[in-house]
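Structure, as structure tokens:
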Amino acid sequence: MTWLRSLAFQAAFYAWTVGLGLATLPALLLPRPVVLGVARLWIDGTFWLLSSVVGLTYEVRGEAHRADGPAIYAIKHQSAWEALVLMRLFRDPAIVVKEQLVWVPIVGWYLVRLGMIPIDRRAGAGTLMRMVRKARERLAAGQDVVVFPEGTRTAPGEHPPYRPGIAALYAALDVPVVPVAVNSGLYWARREFAKRPGRIVVSMLPAIAPGLHRKPFMDRLRDRIESETARLTEEAGGIGGRTGAR
């Protein structure tokens, strides 16, 4: 049943993405609020499909920890699902994304128009400088900056080192960093076709104020995200007992 639901979702998702993308191509030439509206329409349709076809929903906890002003949100990355939900979690996010994504037809064009921050992780220090500059511009424009501190998706239970990009942003931008934990990998795992029914939890955690040195900041960020992610995983039944799996 899970496999069949996943197949139906995948077919509907691609049809929805391509159909809407082609139908709204002229929107790319219109003012940015129109482009943002199209992106939200695509996300809303995708989440309707996840809920109605797969039976996968989500909840957000810790809303009180949202920053009152400009901030960086550092989000645990277990699944492609996080990239989708960000347009719902934030009014107008500027997401740090892999540069390769901007070359994807239609999707990449929208990423550029929405003000996302593409980075080439192979380019070294120059990439960090460009990322910081663009992030500063986005914050000044009123956008929240969103980054995946691990730099790539990781399976539940894995604990890779956090990449230096989040430390560079924290040191340079003088704004709080809000850690965010998820348990999405239990339901929509990386490199797996199956998408399992259940309820993903997004947990926003107390912000880390600016001013810490690099190591204390990274230790605090990692501890908050990883400990909360472990707790959410256990709450959902653990890695071997995914809630709703069948």
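The values are calculated or read from the model by the stated rules, or taken from the named source; none is laboratory data. As the structure is a computational prediction, the values presented were derived from the model and not from experiment. Heads up, the Cβs are rebuilt from the backbone with ideal geometry, glycines too, and the neighbour counts pull from every protein chain shown. These area figures cover heavy atoms from the full protein model, side chains too; ligands, DNA and RNA do not enter into them. Shrake-Rupley method; radii C 1.70, N 1.55, O 1.52, S 1.80 Å.
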*Based on the Cβ-Cβ distance of ARG130 and LEU4, what FRET efficiency does E = 1/(1 + (r/R0)^6) give at R0 = 35 Å, to the nearest 0.05?*
0.20
*Estimate the FRET efficiency between VAL107 and LYS215 by the formula 1/(1 + (r/R0)^6), using the beta-carbon distance for r and 30 Å for R0, to the nearest 0.05.*
0.20
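Accessible area per residue of the range 177-246 at 1.4 Å probe, in Å²? Can you show the working numbers first?
Values: 3170 Å² over 70 residues.
Value for the range 177-246: 45 Å² per residue.
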_Protection proxy ranking, peptides 56-66, 188-198, average beta carbon neighbours within 10 Å, highest first_ = 188-198, 56-66
*asked:* Taking all protein chains in place and a 1.4 Å probe, what share, in percent, of the accessible surface of the range 1-132 do carbon and sulfur account for?
replied: 69 percent
*Round to a whole angstrom and tell me the spacing of the C-alpha centers of the range 1-46 and the range 82-104.*
14 Å
*Tabulate in residue order the Karplus-calculated ³J(HN,Hα) for the range 66-74, using 6.51 cos²θ - 1.76 cosθ + 1.60 with θ = phi - 60°, rounded to whole Hz; enter x for Gly and Pro.*
4, 6, 6, x, x, 7, 10, 10, 9
*asked:* Sort 36-44, 67-75, 13-21, 145-153 by the packing proxy (mean of other Cβ within 10 Å over each peptide's residues), most packed first.
replied: 145-153, 67-75, 36-44, 13-21
*With θ set to phi - 60°, apply the Karplus curve 6.51 cos²θ - 1.76 cosθ + 1.60 along the range 154-166 and write out the HN-Hα couplings as whole Hz, x wherever there is a Gly or Pro.*
10, 6, x, x, 8, 9, x, x, 7, 7, x, x, 5
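Which shape class, rounded, prolate or oblate, goes with the range 117-246 when its Cα gyration tensor gives a ≥ b ≥ c as root eigenvalues, a/c under 1.5 marks rounded, and past that a/b bigger than b/c marks prolate?
Details: a/c = 2.18, a/b = 1.79, b/c = 1.22.
Taking the square roots of the gyration eigenvalues as a ≥ b ≥ c, the range 117-246 is prolate.
Rounded, prolate or oblate: which fits the range 44-137, taking a ≥ b ≥ c as square roots of the Cα gyration tensor eigenvalues, rounded meaning a/c under 1.5, else prolate when a/b beats b/c?
Note, shape of the range 44-137 comes out oblate.
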